[in-house]
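Undergrad: I'd like to ask some things about the structure below.
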Amino acid sequence: MIKHQPGSSLFVILAGPICTAFLLHLAFSSSRFWPCTWFAFIPLCWSVRSQLPGRAFIQGIITGFAFYYLNLFWITNSIRNFSALPIPITLVIMALLAFYLSLYFGFFSFLLANNPPTSWFSILFLASCWTLLEWLRGNLFVGFPWHNLGTALSPGSPFTLLLPYGGVYSLSFVIIYTNLALYSLISNQDNNPLMVRRIIVLLAVPALYFLLLAGSHTGIASLDKSLPLKVSIIQPNIPQKEKWNPAYRQQNFTILEQLSLETAATSTSEIPHLVIWPEASLPDFFQDAPLFRERISVLTRQGNFYLLAGSPQYDTDSAGKHHYFNSALLFSPGGKLIASYDKIKLVPFGEFTPMADYFPFLGKMVPGADFSAGSPQKPMDLDNFSLVPSICFEGIF
């Protein structure tokens with residue numbers, strides 16, 4: 001059993017948060033470590049247990065900051081490439097993002113200190129609060145739902161059976177619920193048999209639920225394979241600096257053409273298949289690139305496939321102002337543009353500058369970050385199929 005001794009030493013304050021942050025980092029860094037999610041919060045619970053709510057709030061911030069800074073540090077490379085900001089400012093932006101996201105950990109730790117998970121009600125209450133905090137994080141302001149607990153589970157995990165019924169938030173609820181129940185079980189200081197039995201029941205409930213879901217899994221509609229669609233995803237592995245360099249545009253387009261024709265040559269079906277190019281694979285405004293439009297027309301006719309390609313676009317309003325969009329364009333096997341979608345969820349400081357209307361100096365700090373959000377999308381029709389594309393950052397919503 002874990003024995004709690006009230007304390008305020010630096011070790012007591014930092015050990016639990018850092019351990020929890022490290023376990024969560026492992027769980028999200030590799031699919032091999034996803035089981036860490038089921039006990040990652042136990043060190044934080046142990047550390048918060050003997051602290052006042054205010055200090056617990058700080059411990060939660062330490063946990064969240066360490067976790068998000070480690071797991072999202074790669075974003076600094078994207079920010080630098082999109083905005084041309086100096087490295088020091090990029091690191092400050094990353095720190096501010098990690099701090100904002102850590103506030104949700106702070107609020108949870110504050111609640112944890114005020115409502116220790118020692119009863120069925122407190123465990124249920126805390127698990128519900130965590131799930132609500134995840135939802136708020138994904139919907140407040142621009143929204144940032146990256147690294148919800150449920151997304152750490154391996155795609156092949158049996159626990160993903162919950163997804164058709166309650167989405168990723170249901171997985172997050174069960175994970176944090178299990179963490180709290182396990183902590184209550186091992187921290188039963190008085191060796192109370194009644195408490196042990198209650199915790200065992202608490203753990204048995206989600207286990208039974210998973211068994212029921214497994215039994216009903218056969219009732220989930222299976223994929224209709226009577227109308228197969230072959231999809232080829234082209235990944236040319238072009239460095240970002242070359243992708244946006246005008247000197248490399250023709251060369252990069254040729255690479256995409258060659259890879260697309262190679263995959264088309266392997267198709268044994270007479271039914272045109274779909275070829276997908278990366279986001280902004282045409283690094284120029286589509287309206288201003290007649291040569292690329294002609295080459296796409298020739299390519300799709302030659303390969304007899306549909307092409308979904310990324311490209312920036314713009315339109316002009318009645319006042320003559322340009323509005324720029326990050327778009328996905330669908331071309332028919334005949335080379336015609338038959339549908340397009342403008343990205344709705346834009347990357348802060350990459351594709352737009354938050355609050356630039358209120359603080360104009362921010363727009364000067366982040367050159368080029370002036371894309372507009374698109375309108376709600378409609379499905380793209382492709383023979384007997386419908387496509388609903390998402391672009392990069394949108395995949396986390």
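The values are calculated or read from the model by the stated rules, or taken from the named source; none is laboratory data. These numbers come from a predicted model, not from an experiment. Ideal geometry is used to build each Cβ from the backbone, glycine not excepted, and the neighbour counts take in all protein chains shown.
Undergrad: Could you say which residue among ILE75, ILE42 is of a type in the set (A, V, I, L, M), over 18 Å from SER9 (Cβ atoms) and at pLDDT below 90?
TA: Among ILE75, ILE42, only ILE75 is of a type in the set (A, V, I, L, M), over 18 Å from SER9 (Cβ atoms) and at pLDDT below 90.
Undergrad: Name the single residue that is surrounded by the fewest Cβ atoms within 10 Å (Cβ to Cβ) among those in region 237-246 being under 18 Å from SER78 (Cα atoms) and out of contact with any Phe, Trp or Tyr (no Cβ under 8 Å at 6 or more places or on another chain).
TA: Going through the qualifying residues, I end up with ASN237.
Undergrad: Something else about it: I need a count of the residues in region 85-106 that are surrounded by 19 or more Cβ atoms within 10 Å (Cβ to Cβ) and aromatic (Phe, Trp, Tyr).
TA: Residues flagged as surrounded by 19 or more Cβ atoms within 10 Å (Cβ to Cβ) and aromatic (Phe, Trp, Tyr) within region 85-106 amount to 2.
Undergrad: Give the residues of region 377-397 that are farther than 18 Å from GLN235 by Cα, in contact (Cβ under 8 Å) with a residue 24 or more places away in the chain and either within 12 Å of the chain's Cα centre (by Cα) or assigned to a strand (DSSP E or B) (or both), sorted by residue number.
TA: Hits for region 377-397 are MET380, ASP381, LEU382, PHE385, LEU387, GLU394, ILE396, PHE397.
Undergrad: Answer yes if at least one residue in region 341-364 is crowded, with 19+ Cβ neighbours inside 10 Å, modelled with pLDDT of 85 or more and not aromatic (Phe, Trp, Tyr), and no otherwise.
TA: yes
Undergrad: Take the residues of region 255-266 that are in contact with a helix residue (DSSP H, G or I) (Cβ under 9 Å, 6 or more places away or on another chain) and surrounded by 12 or more Cβ atoms within 10 Å (Cβ to Cβ): which is modelled with the lowest pLDDT?
TA: Selected residue: ALA264.
Undergrad: While we're on this one: Every residue in region 117-135 that is modelled with pLDDT under 90 and either part of a loop (DSSP other than H, G, I, E, B) or small (Gly, Ala, Ser) (or both), please.
TA: Residues satisfying the conditions are PRO117, THR118, SER119, SER122.
Undergrad: Okay, moving on. From the list ASN245, ASN252, ASN237, which one is touching a Lys or Arg at 6+ places or on another chain (Cβ under 8 Å) and in the same structural domain as LEU387 (by TED's automatic domain parsing)?
TA: ASN252
Undergrad: Being touching a helix residue (DSSP H, G or I) at 6+ places or on another chain (Cβ under 9 Å), in contact (Cβ under 8 Å) with a residue 24 or more places away in the chain, within 19 Å of PRO348 (Cα to Cα) and part of a loop (DSSP other than H, G, I, E, B) is true for just one of LEU103, LEU97, LEU85. Which residue is that?
TA: Being touching a helix residue (DSSP H, G or I) at 6+ places or on another chain (Cβ under 9 Å), in contact (Cβ under 8 Å) with a residue 24 or more places away in the chain, within 19 Å of PRO348 (Cα to Cα) and part of a loop (DSSP other than H, G, I, E, B) holds for just one of LEU103, LEU97, LEU85, which is LEU85.
Undergrad: Another question, then. Test PRO145 against the stated conditions and say whether it is assigned by TED's automatic domain parsing to the domain that holds SER29, modelled with pLDDT under 85 and not in a helix (DSSP H, G or I).
TA: In short, no.
Undergrad: Report whether or not SER78 is touching a residue at least 24 places away in the same chain (Cβ under 8 Å), outside any helix (DSSP H, G or I) and either out of contact with any Ser or Thr (no Cβ under 9 Å at 6 or more places or on another chain) or not assigned by TED's automatic domain parsing to the domain that holds LEU346 (or both).
TA: Against the criterion (touching a residue at least 24 places away in the same chain (Cβ under 8 Å), outside any helix (DSSP H, G or I) and either out of contact with any Ser or Thr (no Cβ under 9 Å at 6 or more places or on another chain) or not assigned by TED's automatic domain parsing to the domain that holds LEU346 (or both)), SER78 does not qualify.
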